[in-house]
Amino acid sequence: MQTNFTAEQLADPQVAESEKILRRCVHCGFCTATCPTYVTLGNELDSPRGRIYLIKDMLENGRAADAQVVTHIDRCLSCLACVTTCPSGVDYMHLVDHARVHIEKTYRRPLIDRMIRNVLAAVLPYPKRFRTALALAKVSRPLAPLFDRLSPLKPLAAMLKLAPTGTLRKSDATQPGSRAPKTERRGRVAILSGCAQPVLDPGINEATIRLLTRLGVEVVVPQGEGCCGALVHHMGKEDPALDFARSNVDAWTREIEGGGLDAIIITTSGCGTTVKDYGHMLRLDPRYAEKAARVASLAKDITEYLATLDLPTLESRGLTVAYHSACSMQHGQKITMAPKNLLKNAGFVVRDPPEGHLCCGSAGTYNIMQPEISAQLKARKVRNLEATRPDVIATGNIGCMTQIGTGTAIPIVHTVELLDWVYGGPKPSRLALRKAGARAGVSL
């Protein structure tokens, strides 16, 4: 793609980077076939190619974002299926990241939209605030139908519908400190506690710590680590996103320089994609660029790390698992085979759903801010997963678990919970509540 930026514009390193990305696009349109919003809406401007044209025009002319640009960029899930498909290697992820920052700086959203986004940014990254908000959502749930009838308030209705109805429990897994290995030590890792996941499902990191310590790996929860920054990063809120990144880099650097780390384990693939990008996010910060790159190089999805530990192969358990590969796992981190191979070696029958490349519609806060499109994508994903006739659905991202779980009666669990179970841990709670499988009387 030909560009016409001025020398003055290219003096801005963010613009210079976007200009290089734009030049790689050859208008081939391969991306349209795998873009969830284009497949759903059929609008060229809701395809990666269409959004690239909008971003180019906006940046090249040095103008503020307008309502049209905002509409179509907001509809982008950042699923990155287009990056996997693109034959020219267009770095769409960093291009749309830059566009969102530009929107945040130059466009004044309607009041209600602005307020909802600010509330999400002020609540979701902080576990205590998020837990309180979920408690309030329980008593406010009857208001969801009312909010649903008013277009600007639909995000509030979506929030209430997504909020869990059960009791939220706290976990010691988030407490800073070291968890000693149960056998001879073979490694030392840090684990990201995160923000939303330990509130919604603390069992995921509990299973991770149990499994790793049984395998001889010391697990440390560093003092001072917190939200990875992904939630605000994808809203275009650059400064708080970088602040979260710096805080985590500091926390993990202390562990690297103290007891040493073989890896930084991440159990939410959306967070993993962001942490692995810390080197890029902080590349212009002379105090953090080198440290951030080192942290990013150590970041590993839990399945990525477990694949290096040579877990024993187990006999078949007679359970069929539909594996949902989160977009941030398959497109963001390019991890496709490790989770499935681990499950197969652990004795599960693993099935890939049709259209596995398409997003489930969760995408951070997307299912809140774009509830109609998200609902269509969820319904499509659930149909495809249920078509495999599984006993259980496995995935590696809490957002996908929450989204898909509201659309099917089939239990959905984190991949590491299944692995912890078959290698000596307790049965995942979602399976323990289910007396029998849907087929052939298979006991779960």
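The values are calculated or read from the model by the stated rules, or taken from the named source; none is laboratory data. All of these numbers come straight from a predicted model, not from anything done at the bench. Here the Cβ is made from the backbone with ideal geometry for all residues, glycine too, and neighbour counts use every protein chain on show. Surface areas here come from the heavy atoms of the whole protein model, side chains and all, with no ligands, DNA or RNA. Shrake-Rupley method; radii C 1.70, N 1.55, O 1.52, S 1.80 Å.
The table for this structure:
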quantity	calculated
Among Leu41, Asn61, Thr402 - extreme Cα towards positive end, dipole of the chain, charges at beta-carbon	Thr402
Base-10 log of normalised Debye intensity for region 158-235 (one unit scatterer per alpha-carbon) at q = 0.17, 0.20, 0.25 Å⁻¹	-0.74, -0.91, -1.16
Assigned charges on the beta-carbon of Lys, Arg, Asp, Glu; region 191-311 dipole about Cα centre (debye)	80
Difference of contour (0.36 nm per residue) and Cα-Cα distance, Asp285 to Ser178	35.5 nm
Extreme residue, positive dipole direction of region 141-190, given options Gly166, Leu143, Leu153 (C-beta unit charges)	Gly166
Descending semi-axes in whole angstrom, ellipsoid equivalent of the chain, from the Cα gyration tensor	34, 26, 22
Accessible surface, 1.4 Å probe, highest first, among residues Glu255, Glu372, Glu315	Glu315, Glu372, Glu255
Three principal axis lengths of region 7-106 [C-alpha, angstrom, descending]	37, 28, 18
Values of log10 I(q)/I(0), in the order q = 0.10 Å⁻¹, for region 172-306 under a Debye, Cα-only, solvent-free model	-0.29
Largest-first ordering by accessible area, 1.4 Å probe, given options Lys381, Lys161	Lys161, Lys381
Orphan Cys of the chain, criterion: no other Cys C-beta under 4.7 Å	Cys25, Cys28, Cys35, Cys76, Cys86, Cys360, Cys400
Segment Arg389-Val349, extension gain: residue separation times 0.36 nm, minus the distance between their alpha carbons	13.3 nm
On Cα atoms only, tilt of 13-24 relative to the major axis of the chain in degrees	90
Relative contact order %, the chain, counting alpha carbon pairs below 8 Å whose residues are six or more apart	13
In nm, spacing of pseudo-spin labels at Arg294 and Asp57 (7 Å Cα→C-beta vector)	4.7
Stokes-Einstein D in µm²/s, Kirkwood radius over Cα pairs - region 313-399 at 25 °C with 0.890 mPa s viscosity	181
Distance in nm between pseudo-label sites at Leu41 and Thr71 (7 Å out along the Cβ direction from Cα)	0.8
Paramagnetic label zone (point 7 Å from Cα along Cα-to-C-beta, Glu257; backbone N under 19 Å) in region 283-317	283, 285-299
Kirkwood-based Rg to Rh ratio, region 111-162, C-alpha trace	0.97
Loop-resident sites, region 54-92, for trypsin sites (Lys or Arg not before Pro), counting at most 14 other Cβ within 10 Å (DSSP)	Arg63
Loop-located trypsin sites (Lys or Arg not before Pro) in region 196-283, at most 16 other Cβ atoms within 10 Å (DSSP)	Arg283
Across Lys276/Lys334; Lys300/Lys381; Lys291/Lys334; Lys138/Lys170; Lys300/Lys334; Lys300/Lys340, pairs whose alpha-carbon gap is larger than 19 Å	Lys300/Lys381; Lys291/Lys334
Contour minus Cα-Cα distance for Lys138 and Ser171 (0.36 nm per residue)	9.8 nm
Separation between Cα centres of region 302-319 and region 33-89, rounded to whole Å	38
Packing rank of 123-129, 133-139, where each peptide gets the mean count of other beta carbons within 10 Å, highest leading	123-129, 133-139
